[in-house]
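The structure under discussion appears below in the form of C-alpha cells.
The values are calculated or read from the model by the stated rules, or taken from the named source; none is laboratory data. This one's a predicted model, so the numbers in the text were calculated from it and none came from an experiment. In this analysis, Cβ positions are derived from the backbone assuming ideal geometry, glycine residues included, and neighbour counts consider all displayed protein chains. When the accessible area is computed, the model is the full protein with side chains, heavy atoms only, and any ligands, DNA or RNA have been set aside. Shrake-Rupley method; radii C 1.70, N 1.55, O 1.52, S 1.80 Å.
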Amino acid sequence: DLVGPDTAPTVCITHSLASDGGSWAEQVPVLLQAGFRVLRIDMRGHGGSDPAPGEHYAMKDLAGDVATVLDALSIPRTHYIGLSIGGMLGQAFAIEHQQKLISAMWCDTLPASPSGAKAAWDERMGIVRRANSLEPIADATMERWFTDAFKAKNPRRWKQIRDTIAGTTPEGYLGCSSGILDFDFVPRLPSVKVPVLVVCGSEDPGTPAPENKKLAGLVPGARYEEIAGMKHFPNVEAPDAFNRIMLGWLEQHKRAS
C-alpha cells in the first residue's frame with residue numbers, strides 16, 4: 001500500500017507476526033501530514049500477500065522481499081520502521097541492503113531468537129497446525145500485545161486486530177515463526193552505519209525492554225526510547241507518544257533523504 005506524493009521521502013513500514021499493514025493506521029495520517037510518502041508491506045502469508053513455498057522463512061529472505069518491493073517501485077532509499085518481526089527483518093535489511101536505507105526505527109523486537117522460548121513457540125505452532133487456523137491462539141496473542149485497559153477503551157480497534165490475527169494464513173504464521181526461532185544478528189549489528197532508533201513498550205512480555213535496550217547498544221550511535229506502561233503494540237495503544245517519537249526521529253533525518 002503506497003500513499004502520498006511521489007516527490008516526498010518514503011517511509012517503508014513492516015508489521016508484526018499475525019498482523020498486517022492495517023496495524024499502522026494510527027501512523028499513516030500523521031506521516032502524510034508531515035510530508036512523507038508511506039509504503040506499507042504485508043509479509044508473506046499475511047494481509048494481502050500470499051504465502052511463499054516452504055515451511056521456513058529466513059529473515060534474510062523476508063528482508064529480500066522488502067528490497068524487491070522497493071526496486072519494483074523505483075524507490076532507491078527509504079526510512080524504515082518495523083515492529084516485532086518487522087524489526088527483526090529490518091535488522092537483516094540494514095545488514096544486507098544498507099545502501100537502500102536513510103534511517104531505521106526498530107520497535108518491540110529482538111537482536112536474536114528469543115532464548116528459552118522454544119517450548120512456548122512450539123506449543124503455539126502446534127495449535128495452529130492442528131487447527132489449520134490462528135483462531136485458537138487469537139485471544140492469548142491479544143493479551144500479550146495489549147494492556148487489559150485497551151479492549152474496554154477501544155473495543156472496535158481491539159476486534160479489528162484480533163480478526164487480523166485469526167485471518168492470517170497458517171502457512172504465513174508458521175513460516176515466519178520458524179524464522180523467529182532461527183536468527184542471531186548480534187555479531188553483525190556493529191557493522192550497521194545508518195541512524196537507528198529502537199523503541200519499546202516498558203511492559204512488553206515477548207520482546208522485553210532490556211532486550212531492546214541491548215539491541216540499541218549493539219549498533220554504533222543508536223538511540224533507545226521507552227514508552228511507559230505499554231506492551232507489544234505501543235504504536236496502536238499509545239499513538240500520541242509513539243507518533244511524537246516517530247516524527248521527531250524522522251524530522252531529524254528528513255534532510256538526509
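State which residue is surrounded by the fewest Cβ atoms within 10 Å (Cβ to Cβ) when the search covers only the stretch 89-124 and only residues that are over 17 Å from residue 250 (Cβ atoms) and among the small types (Gly, Ala, Ser).
So, considering only residues that are over 17 Å from residue 250 (Cβ atoms) and among the small types (Gly, Ala, Ser), the one surrounded by the fewest Cβ atoms within 10 Å (Cβ to Cβ) is 116.
Looking at 68, 78, 14, can you tell me which residue is free of Cβ contacts under 8 Å to residues at least 24 places away in the same chain and within 26 Å of residue 112 (Cβ to Cβ)? Before the answer, list the steps.
Numbers: 78 fails: free of Cβ contacts under 8 Å to residues at least 24 places away in the same chain; 14 fails: free of Cβ contacts under 8 Å to residues at least 24 places away in the same chain.
The match here is 68.
If you go through the stretch 24-43, how many residues are within 13 Å of residue 172 (Cβ to Cβ) and surrounded by fewer than 22 Cβ atoms within 10 Å (Cβ to Cβ)?
Qualifying residue count, the stretch 24-43: 1.
Out of the residues in the stretch 183-201 that are among the charged types (D, E, K, R) and part of a loop (DSSP other than H, G, I, E, B), which is most open to solvent (accessible area, probe 1.4 Å)? Give the derivation first.
Kept after step one, since they are among the charged types (D, E, K, R), are these residues of the stretch 183-201: 184, 188, 193.
Then keep just the ones that are part of a loop (DSSP other than H, G, I, E, B); that gives 188, 193.
On the way: 188: 113, 193: 151 Å².
That would be 193.
Out of 241, 228, report the one residue that is small (Gly, Ala, Ser) and either in contact with a helix residue (DSSP H, G or I) (Cβ under 6 Å, 6 or more places away or on another chain) or surrounded by 18 or more Cβ atoms within 10 Å (Cβ to Cβ) (or both). Talk me through it step by step, then tell me what you get.
Values: 228 fails: either in contact with a helix residue (DSSP H, G or I) (Cβ under 6 Å, 6 or more places away or on another chain) or surrounded by 18 or more Cβ atoms within 10 Å (Cβ to Cβ) (or both).
It is 241.
Does the stretch 149-164 contain any residue that is within 20 Å of residue 51 (Cα to Cα), modelled with pLDDT of 95 or more and either part of a loop (DSSP other than H, G, I, E, B) or polar (S, T, N, Q) (or both)?
yes
Of all residues being in a helix (DSSP H, G or I) and of a type outside the set (A, V, I, L, M, F, W, C) in the stretch 108-132, which is modelled with the lowest pLDDT? Just the residue, please.
Let us first name the residues in the stretch 108-132 that are in a helix (DSSP H, G or I), namely 118-131.
Add one more test, that the residue is of a type outside the set (A, V, I, L, M, F, W, C), and what stays is 118, 122-124, 126, 129-130.
Values: 118: 88, 122: 95, 123: 96, 124: 96, 126: 98, 129: 97, 130: 98.
My answer is 118.
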